[in-house]
Amino acid sequence: MKAAVLSGPGRMEIRDVDDPVMEKDEILIKLKSCGICTLEQRLFTGAMKLHYPLVGGHEAAGEIVEVGKAVIGSFSPGTKVALDLVTRCGECYYCRIGKSNLCSNRFNPGQRMLGGFAEFIAAKPNQVYALPTGLSFDEAAFTEPLSCCVHSLKRLKVAMTEDLLIVGAGVMGLLHLLVARCMGLRTTVCDPDASRLEIARALGADFTVNPRTTDLSSFGRENTDGLGWSSCVIASPAPEALKEAVASLAKCARLNIYTAYEGEMTVPIDATAIHRQELTVTGTEGRLSEDFFQAARLLSFGKVKVDALISGRTSFSTIEQGFREAISGHAFRIILNHEAP
Ligand SMILES: [Zn+2]
Ligand SMILES: [Zn+2]
């Protein structure tokens, strides 16, 4: 089968590789769409290293072609599916305490990982989530990033009608917005890019604010009945964004650091403020299977519409250009269409 193989930083090759071997308890999927996520972008640039050669891609959707004889459950060929391609061992400490997103063995050598930039993939039934036919494969490829936002907002323990500040109107910030709207939150999206704020408004943000031209803290108080935001997601790696957000929080607010930073980043928080205002600062990484299931249902029910976040499509023959576009910082999601010429 065809696969986009990363053979070193910045080196992507389209190779003919062995078809995946499907075990009896597995499902074989023909892939149709896969988003080029930040993880793959970092692997491509070399900012993050796993091992080479590597077939990236973890925001994948496709169609079931074969179901192993030992698979229990109602999977059948032809079903449209989204795939959770982070393999979890199920046996380590973190898997056993219900934090399989932090599985100790997920990146072990020899472990099957990622693989969405290939024509076929074999997966365990618990990695396969059925979706309705009405949803496009490109939309289905958003199940994974959406599930990370579901996880992030759950970590914030948001309550209906609360005021949420989303810092960063990139694709992840805007996916947080879509989920937050389903949860009945009043949302503010903060970003220095006016065109992104316009998209945030089109996607239903209650307020948008440019922190370069408006004082975030005053804006927050003005639009939250004088309280400040009671919950906040940091979906931008700009250090000043975190600092300004922390200064705009209400008492007993929660703040979740969703983004990763380049290098080390000290949290600019006044410890006395954490004490006096009972602030909670958390981080999230990835998602649990429950989050993935709920993200699949949000898409299935038509509760979230992700079309506006598809900035472009690429094919195997143009994937390197697709990566460069994704890395440019101007795009939301660039999606590989496996069958495109
Ligand atoms: Zn992703
Ligand atoms: Zn584990």
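Each value in this text was obtained by applying a stated rule to the coordinates, not by laboratory testing. This structure is a prediction, so every number in the text was calculated from the model and none was measured. Every residue, glycine among them, receives a Cβ derived from its backbone with ideal geometry; neighbour counts consider all protein chains shown.
Being outside any strand (DSSP E or B), acidic (Asp, Glu) and more than 29 Å from Ala140 (Cα to Cα), is that true of even one residue in the range 280-294? Write out each step before concluding.
First, the residues of the range 280-294 that are outside any strand (DSSP E or B): 284-294.
Filter again for acidic (Asp, Glu), leaving 285, 290-291.
Checking the rest, the ones that are also more than 29 Å from Ala140 (Cα to Cα) come to none.
No, that holds for no residue.
Charged (D, E, K, R) and touching a Ser or Thr at 6+ places or on another chain (Cβ under 7 Å): is that true of Arg276 in this structure?
On the way: charged (D, E, K, R): yes; touching a Ser or Thr at 6+ places or on another chain (Cβ under 7 Å): no.
No, not satisfied.
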message: Are there strands (runs of 3 or more DSSP E) fully within the range 80-179 with at least 1 residues that are away from ligand 2 (no atom under 16 Å from the Cβ), of a type in the set (D, E, K, R) and over 20 Å from Glu59 (Cβ atoms)? List them.
response: 163-167
field: Checking Val189 against (1) free of Cβ contacts under 8 Å to residues at least 40 places away in the same chain; (2) over 22 Å from the mean Cα position of the chain (by Cα), the condition it does not meet
entry: (2)
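Could you tell me which residue of the range 195-228 is nearest to His330 (Cα to Cα), considering only residues that are part of a loop (DSSP other than H, G, I, E, B) and without any contact (Cβ under 8 Å) to a residue 12 or more places away in the chain? Before you say what the answer is, go through the steps one by one.
Kept after step one, since they are part of a loop (DSSP other than H, G, I, E, B), are these residues of the range 195-228: 203-206, 210-215, 223-228.
Applying the additional criterion that residues be without any contact (Cβ under 8 Å) to a residue 12 or more places away in the chain yields 213-215, 225-226.
Details: Thr213: 21, Thr214: 23, Asp215: 25, Asp225: 34, Gly226: 34 Å.
Within the range 195-228, the match that is nearest to His330 (Cα to Cα) is Thr213.
Okay, residues lined up against (1) under 26 Å from Ser311 (Cα atoms); (2) surrounded by fewer than 23 Cβ atoms within 10 Å (Cβ to Cβ); (3) hydroxyl-bearing (Ser, Thr, Tyr):
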{"site": "Met1", "(1), (2), (3)": "no, yes, no"}
{"site": "Glu13", "(1), (2), (3)": "yes, yes, no"}
{"site": "Lys30", "(1), (2), (3)": "yes, yes, no"}
{"site": "Tyr52", "(1), (2), (3)": "no, yes, yes"}
task: Considering (1) without any contact (Cβ under 8 Å) to a residue 60 or more places away in the chain; (2) closer than 30 Å to Arg96 by Cα; (3) surrounded by 16 or more Cβ atoms within 10 Å (Cβ to Cβ), say which one Thr284 fails and leave the rest.
output: (1)
